[in-house]
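The values are calculated or read from the model by the stated rules, or taken from the named source; none is laboratory data. Every value quoted in this text rests on a predicted model; they were computed, and no experiment measured them. Ideal geometry is used to build each Cβ from the backbone, glycine not excepted, and the neighbour counts take in all protein chains shown. The accessibility values were calculated without ligands, DNA or RNA, using every heavy atom of the protein model including side chains. Shrake-Rupley method; radii C 1.70, N 1.55, O 1.52, S 1.80 Å.
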Amino acid sequence: MSSPIAANSRGVNALLFLFIGSGCAALIYEVVWYQSLSLIVGSNSVSMAVVLATYMGGMSLGSLAFLRWKGRHGNPLLIYAKLELLIALSALLVLYVLPYAGGLYFAIGGSGPLSVLVRGLFCALFLLVPTMAMGATLPAASAWLRTTPQGVSRIGAYYTTNMLGGVCGALFAGFYLLRVHDMQIATFVAMALNLLIALVAYMVARGGAAFAAADSKAVDEQRDVTRGEVGVAPRMVLFTIAMSGACALGAEVIWARNLALLMGGTVYTFSLILAAVLLGLTIGSSVGTSAVRTTRSPRMALALCQIGAMLGLAWAAWWQLQALPNWPINPSLAPSMWFNFQLDFVRALWSMLPAAVCWGASFPLAIAALAQTETSSSRAVARIYAANTLGAIGGALISSLILLQFIGTQKTQWLFMFMALLGAVAMLLPVATRNAPSRLVPNRVAWLAAVVVLFILSAPLVHTVPGILAGYGRWAVTWLKDPRKFIYVGEGLNATLAVSETQDGSRYYHNAGKVQASSIVEDMRLQRMLGHITTLVARNPKNVLVIGCGAGVTAGAVSINPDVKTQTIAEIEPLVPRVVSKYFANENYNVIQNPKVTVHLDDARHFLLTTNQMFDAITADPFDVWVKGSATLNTLEFYREMKKHLNPGGVVTAWVAFYETDSAAWKSELATFMEVFPHAMVFGNTSGGGGYDGVLVGSAEPLSIDVSAIEAKLRRPEFAEVRRSLTDVNYPDAISLFGTFAADASQLSGYLSGAQINRDRNLRLQYLAGMAVNRYEQADLYANLKTAGGWKEGLFKGDDATLEQLRAIISGP
């Protein structure tokens, strides 16, 4: 029989490899759960905060709970196997029970900002068990090891390989599993990894000799980790690693927003950012692990890491907001998005690497600094892990829910730099021992002064978000010579947005790094079309829901229809109705101040799922479908929810872009809508005779639009303002408005054959559209639409003269 030492050696090495797979599975879950939670909590900062906070909180609780678990003195491989098995079983629960439970919650829950937070906490309960199990794995594994430099270095190696697996998991989930398959398949892959890891760990553990627990060794065999250094205060080490965690996760929230502007807010961008941060942590952890074996002062090394992180935050801010937006890069020149992804990953890594490396190195160094006061390696790891993750929770929640919208990214980054400074100071201050009083020796005074000076010198590198970046994102450098001025730049709860004005007085509303609405003719025409077609086609549009406020032009067009008695605007970003709409008050008829209008601040999907209201018309004008989270408002299930909330004779309309998309994404968008509304119509808003964007119109029953009756309505005195609104965008009558008809669902059945349906379980549209974000094929897409469609008998009603004119316009070039 092999000796306990040999058994330990095999177990230690086995865990090293198993942690790679464990980290990969964990990040697959994180990516999947973030997407899943966006369907329940909403595609907003709250959902991101919930995932991050639950992940960090669960792991923190798991690491602390392990200390009280009697099984901690058993074979670590057996314990590790049980934890991996628990993760897999819990993931199955999250996959199948959470959506069902979420549906029950919607049936009894309310809506609004407070409800969003409550929904987040509700979801967190489901994620608590698997994340606690994840948090217990590292303390469990460390039970093999003593708190010697070699033992702490091995713990750092576990952490490093776990992070490396996380990099693989983030990329694998974001670029393959969810792009090609769906959340169910991705979850099964992660579960298979957990089960495989559990099986291997069990087999290795059962095949070896009895476990020789390192934690049972005497205290005097444990305290040689910090040769030449004494007097490390445990609380100061825990404080420093907590500050490190808070800065790391808080900065990740800021970086995600800034880099989403720079690289485009697609689902792929967020995977790249996550992978880049994890890679930086992996490199840092590797460096820290090596340093633990040789450094005579882990405490001093930990202080240097916090100083490096402080400077790294300034480095990231300067590159992301000042340097990278000015690099001469035109993203449309790449023949494929895969080349853009390569460039984006390099840019993300370049800007984030210094700080991430310092945070990664802090973890093993903090364990080494604490280890001399602990008799148990598991206890040292658990306390450091808990402090780090609790700090991360605070950083993620405070930055995403409070700091960004109230003080902005510049001051938030200054705050995190100051927190890093405090962490460094905590390690530089002398600590009293029984044999020596606390004394501030000259070299420590010099270090403290140097840290303060570095903070003062690096703080000016952190700037506010430039208007050109907020306005044009990845295209910013191509607009540098444009003479327009940005009259407003705001950082809200969920987005960075801006309003710009050209020399001729035209105004543009920017969000997600692109123009979302404007006062120019092409945009005004679409927005007025969307609002007026909605209320003119609906049988009796007394109560109307508008999804997405934007510049308020669509909502304004709805509000001036005298048939509309009550109107609800569902908007996810508070700054939009409160600030942006005021810049377009003339164009939107001051809609926010209209007494018939109620603004509801919530994710529109969740407003509709929780309201008991029925509507006579619903119009949706959300973000472009390539923006991460927007696809949740274009799923088969959400369109069905819209349909359920329609009164008889009601209609649903939705904006659809012909640009920044390709045939696959475009067909998916149309096919999903027409799966729910089989009699749907498409109306085109053209520019120069070519495609630009358009309006989808659907209803619960077959549509037949009486153009003559609508024209007669427009000529009535009470509809004079509606008529002027349409005339202003070159639609002087009902014939010219409905002459924009391009095709209906029955004509497009062959054209849309094989199109992928966007469902809750796959959110396929955001992956398809994210691959086509730099494509401008609107002319071809619209031409194909017109070829498949055209005039069709029975779709329109009216007198013979009206129908003849309408036929001529629709059948024309």
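For the reader, a short list of remarks on this structure follows.
- Evaluation of residue 498 against the conditions (1) open to solvent by 10 Å² or more (accessible area, probe 1.4 Å); (2) part of a strand (DSSP E or B); (3) in contact (Cβ under 8 Å) with a residue 24 or more places away in the chain shows that the sole unmet condition is (1).
- Counted as qualifying within segment 1-113 are the helices (runs of 4 or more DSSP H) with 2 or more residues that are of a type in the set (A, V, I, L, M) and at pLDDT 80 or above, namely 4-40, 76-108.
- Here no helices (runs of 4 or more DSSP H) wholly within segment 633-722 include at least 3 residues being free of Cβ contacts under 8 Å to residues at least 40 places away in the same chain, open to solvent by 30 Å² or more (accessible area, probe 1.4 Å) and over 21 Å from residue 745 (Cβ atoms).
- A search for C-beta distances below 7 Å between a residue of segment 280-306 that is in contact (Cβ under 8 Å) with a residue 24 or more places away in the chain and any residue that is open to solvent by 50 Å² or more (accessible area, probe 1.4 Å) and in a helix (DSSP H, G or I), counting only pairs 6+ apart in sequence or on different chains, returns 280/353; 282/164; 293/150.
- From 350, 319, residue being at pLDDT 95 or above, open to solvent by 70 Å² or more (accessible area, probe 1.4 Å), assigned to a helix (DSSP H, G or I) and closer than 19 Å to residue 280 by Cα: 350
- Residues in segment 294-312 include none that are of a type in the set (D, E, K, R), more than 30 Å from residue 763 (Cβ to Cβ) and in contact with a Pro (Cβ under 9 Å, 6 or more places away or on another chain).
- Total residues in segment 524-544 satisfying the condition of being open to solvent by less than 20 Å² (accessible area, probe 1.4 Å) and assigned to a helix (DSSP H, G or I): the figure is 12.
- Any hit, segment 727-740, residues being touching a strand residue (DSSP E or B) at 6+ places or on another chain (Cβ under 8 Å) and not aliphatic (A, V, I, L, M): yes
- Breaking point among (1) under 26 Å from residue 371 (Cα atoms); (2) open to solvent by 10 Å² or more (accessible area, probe 1.4 Å), for residue 158: (2)
- Per-region count, segment 268-291, residues more than 25 Å from the chain's Cα centre (by Cα) and open to solvent by 10 Å² or more (accessible area, probe 1.4 Å): 5
- Among the residues making up segment 292-303, those that are open to solvent by 30 Å² or more (accessible area, probe 1.4 Å) and either over 22 Å from residue 447 (Cα atoms) or in a helix (DSSP H, G or I) (or both) are 293, 294, 300.
- Matching entry among 177, 164 (being modelled with pLDDT of 85 or more, assigned to a helix (DSSP H, G or I) and within 18 Å of residue 277 (Cα to Cα)): 164
- From 605, 578, residue being buried (at least 21 other Cβ atoms within 10 Å of the Cβ), of a type in the set (Lys, Arg) and in a helix (DSSP H, G or I): 605
- With respect to the stated conditions, residue 758 fails to be under 35 Å from the mean Cα position of the chain (by Cα), more than 30 Å from residue 186 (Cβ to Cβ), crowded, with 16+ Cβ neighbours inside 10 Å and in contact (Cβ under 8 Å) with a residue 12 or more places away in the chain.
So that you can scan it fast, the table gives a plain yes or no per residue for (1) of a type in the set (S, T, N, Q); (2) under 29 Å from residue 266 (Cα atoms); (3) touching a Leu at 6+ places or on another chain (Cβ under 9 Å); (4) at pLDDT 95 or above:
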position: 641; (1), (2), (3), (4): no, yes, yes, no
position: 646; (1), (2), (3), (4): no, no, no, yes
position: 686; (1), (2), (3), (4): yes, yes, no, no
position: 719; (1), (2), (3), (4): no, no, no, yes
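- Given (1) open to solvent by less than 40 Å² (accessible area, probe 1.4 Å); (2) more than 23 Å from residue 406 (Cβ to Cβ); (3) in contact with a helix residue (DSSP H, G or I) (Cβ under 7 Å, 6 or more places away or on another chain), number of the condition residue 589 does not satisfy: (1)
- Boolean, residue 775 is under 33 Å from the mean Cα position of the chain (by Cα) and modelled with pLDDT under 90: yes
- Residue within segment 398-408 that is outside any helix (DSSP H, G or I), at pLDDT 85 or above and surrounded by fewer than 24 Cβ atoms within 10 Å (Cβ to Cβ) present: yes
- For segment 723-738, the set of residues classified as surrounded by 15 or more Cβ atoms within 10 Å (Cβ to Cβ) and over 40 Å from the mean Cα position of the chain (by Cα) consists of 723, 733, 734, 735, 736, listed by residue number.
- Members of segment 455-488 found to be open to solvent by 60 Å² or more (accessible area, probe 1.4 Å) and either in contact (Cβ under 8 Å) with a residue 24 or more places away in the chain or not in a loop (DSSP other than H, G, I, E, B) (or both), listed by number: 456, 457, 460, 461, 463, 464, 478, 479, 480, 485
- Condition check for residue 534: β-branched (Val, Ile, Thr), touching a residue at least 60 places away in the same chain (Cβ under 8 Å) and either touching a strand residue (DSSP E or B) at 6+ places or on another chain (Cβ under 9 Å) or over 23 Å from residue 656 (Cα atoms) (or both): yes
- Odd one out for residue 465, checked against (1) hydrophobic (A, V, I, L, M, F, W, C); (2) in contact with a Gly (Cβ under 7 Å, 6 or more places away or on another chain); (3) modelled with pLDDT of 95 or more: (2)
- Residue count for segment 337-346, restricted to those that are open to solvent by less than 20 Å² (accessible area, probe 1.4 Å) and under 16 Å from residue 261 (Cβ atoms): 2
- Tallying residues that are touching a residue at least 60 places away in the same chain (Cβ under 8 Å), within 18 Å of residue 776 (Cα to Cα) and open to solvent by 40 Å² or more (accessible area, probe 1.4 Å) within segment 322-336 yields 2.
- Against the criterion of being modelled with pLDDT of 95 or more and buried (at least 23 other Cβ atoms within 10 Å of the Cβ), residue 616 qualifies.
- One residue alone among 768, 806, 785 is more than 42 Å from the chain's Cα centre (by Cα) and either over 30 Å from residue 339 (Cβ atoms) or in a helix (DSSP H, G or I) (or both), and that residue is 806.
- Answer residue from segment 363-397, given it is of a type outside the set (Asp, Glu) and outside any helix (DSSP H, G or I) and is modelled with the lowest pLDDT among those: 375
- Conditions (1) among the acidic types (Asp, Glu); (2) under 30 Å from residue 587 (Cα atoms); (3) more than 28 Å from the chain's Cα centre (by Cα): number failed by residue 744: (2)
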